[in-house]
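Participant: Here it is, the structure, as structure tokens.
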Amino acid sequence: MSAGTEASGRSRARRATMSLITLAGGVSLAVVPAATVSISARLFTGPEQGAIAVAVMVATFAGQLAFSYVVESRLASIGTERRVVFPRWLGALAILAGLVVAVVPPNAVLLCVALPLLVAGLEVGRGVSVAERLDRRELVASVAVGAGALVGVLAGFFEQQWALIPIVLGIAAATLARLLPVPHRASRPEGRALGWVMADTAITGAVYPLLNAMILAWLGPAEAVLFTSIATVSGLLAIPLNFLRLRLLKAPSTLDVVVSATAVVGAVVVLLILDVLGVFGFVFGEAWTSSDSLLPLLLACAWRAASLLTTLPFAALRRSGRVALVTVLRAAVSVLTFLLAAAGLATQSLAAVFAGLLVAELVSAVVYEAARRRSVHDLAVRPERPEARG
């Protein structure tokens, strides 16, 4: 084996190792909603817990909007260098929100207001680190968030009034790490790409907080908390999928596809083992144990895992500049997703709701793949200028 081949092998091994570490660090992002729900179950009343469960979904939506504005719109601007940085204004708002929650005694309304800022900071900060391969600082940030969430959840078990403080301070520390200077400047997003990406996120992201608000209104706070809990737990599978999407938006990578798919399978196995061992019932309390959660969890995991089938053609379409086409397709799929999930809700069964989400995801995979193949065929027959695509 030549020295060059050996060096190339070591380089690929290092890249794979750092990808796995950064991917694993995404757990810290997923545990924040779960830790918040867990702590709230010990500090607040039932109606307040229901409101916080909906606020967690709203915060996730706000994080998606911020992410699409700061990160995804630039990655979809194919006429630029597609570089991203963590905006200081967003970091400052996230840190301020965390400090206010830490100083003021536990207050459900304040927490609902602060959550969108905290989650937006986490989503954008992690997205920038993954897209720009800032693996070392992301490792530090992930440890800070994970440690804060762990201490907060343990304090919540003992019904300590200060249980929210560790998690918000962990978020603040992670935000500071992600705000460290970088040697590049953010690319200016193309106006057309920015508009389509923001519209895409607004349409698709609004489905889940709206759905959970309907669950709160029709089935009560306990079911709303359970829906958020199951969606949050199964959201661990979204970590490798989001990681994969970011990497594929930047450039195609078979290595990242293999790493992410393996992580999805491993995560499903881990989640099922944890549920059988009663860990989730211990973490989320009565909301988890008072209902049959196994079937909804299985369907939720299948729904998340099916996203792997949509991620590949979606990223390929976005990377080629087909932002308008992607937005139209995702809007149509979002309507279908809401209708199928609402039909499941009409049966007053969370399992039926997650089944509706799964069916919608499988349909969207077929739609995106058909659109990708049509796009490839059109380019082969009639090549387009990048600025003419959409």
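All of the numbers you see were taken from the coordinates with simple rules; none came from a lab. As the structure is a prediction and not an experimental result, all values here were calculated from the model. In this analysis, Cβ positions are derived from the backbone assuming ideal geometry, glycine residues included, and neighbour counts consider all displayed protein chains.
Participant: Can you compute the charge dipole magnitude of the chain about its Cα centre, using +1 on each Lys and Arg Cβ and -1 on each Asp and Glu Cβ, nothing else charged? Give it in debye, rounded to the nearest 20. Can you show the working numbers first?
Facilitator: Working: 31 positive and 21 negative charges, 355 e Å.
Result for the chain is approximately 1700 debye, rounded to the nearest 20.
Participant: Averaging sequence separations of C-alpha pairs under 8 Å and six or more residues apart, then dividing by the length of segment 3-388, give the relative contact order as a whole percent.
Facilitator: 21 percent
Participant: If you don't mind, there's one more thing I want to ask. Note down the magnitude of the dipole of segment 139-258 about its Cα centre, charges +1 on Lys and Arg C-beta and -1 on Asp and Glu C-beta and zero elsewhere, to the nearest 20 debye.
Facilitator: 560 debye
Participant: Something else: If you build a Gaussian network model of the chain, linking Cα atoms that sit under 10 Å apart, which residue out of S290, S28, S129 swings the most?
Facilitator: Of the options given, S290 has the highest mean-square fluctuation.
Participant: Specify the inter-centroid distance of segment 166-182 and segment 209-235, based on alpha-carbon positions, in whole Å.
Facilitator: Result: 29 Å between the Cα centres.
Participant: Could I ask something else about it? Compute the angle between helix 164-178 and the longest alpha-carbon principal axis of the chain, please, reported from 0 to 90 degrees and rounded to the nearest 10.
Facilitator: The helix 164-178 is inclined about 20 degrees to the chain.
Participant: Dipole of the chain (Lys/Arg Cβ +1, Asp/Glu Cβ -1, origin at the Cα centre): which of Q64, G191, M214 lies farthest to the positive side?
Facilitator: Of the listed residues, the answer is G191.
Participant: Now a separate question. How far is helix 254-276 tilted off the main Cα axis of the chain, in degrees rounded to 10, range 0 to 90?
Facilitator: So the helix axis and the longest Cα principal axis differ by about 20 degrees.
Participant: When only DSSP loop residues count, what GluC sites (Glu not before Pro) in segment 131-203 have their Cβ near at most 14 other Cβ atoms within 10 Å?
Facilitator: Qualifying residues, ordered by number: E159.
Participant: Determine, for each peptide in 326-334, 252-260, the mean count of other beta carbons within 10 angstrom over its residues, then list the peptides with the highest first.
Facilitator: Peptide ranking by packing, descending: 326-334, 252-260.
Participant: Next question, about the same structure. Treating the angle as unsigned and between 0 and 90°, give the value, to the nearest 10°, between the Cα long axis of helix 27-43 and the longest Cα principal axis of the chain.
Facilitator: On a 0 to 90 degree scale, this one is about 20.
Participant: Specify which residue in the list V328, F157, V353 is farthest towards the positive end of the charge dipole of the chain, using unit charges on the beta carbon of Lys, Arg (+1) and Asp, Glu (-1), about the Cα centre.
Facilitator: Positive-most Cα among the choices belongs to V328.
Participant: Enumerate by residue number the trypsin sites (Lys or Arg not before Pro) in segment 113-179 meeting two conditions: DSSP loop (anything except H, G, I, E, B), and at most 11 other Cβ atoms within 10 Å of the site's Cβ.
Facilitator: none
Participant: For the pair L176 and S349, what calculated FRET efficiency results from E = 1/(1 + (r/R0)^6), where r is the Cβ-Cβ distance and R0 = 41 Å, to the nearest 0.05?
Facilitator: Numbers: r = 44 Å, r/R0 = 1.07.
According to the calculation, E is roughly 0.40.
Participant: Something else: On full extension of the chain, what length is gained from V269 through A92, given 0.36 nm per residue of separation minus the C-alpha to C-alpha distance?
Facilitator: 59.9 nm
Participant: Sort the following peptides by mean Cβ neighbour count (other Cβ atoms within 10 Å, averaged over residues), highest first: 106-113, 231-238, 266-273, 181-188. Don't skip to the answer; put the middle values down first.
Facilitator: Numbers: 106-113: 17.0, 231-238: 24.4, 266-273: 14.9, 181-188: 12.0.
Ranked from most to least packed, the peptides come out as 231-238, 106-113, 266-273, 181-188.
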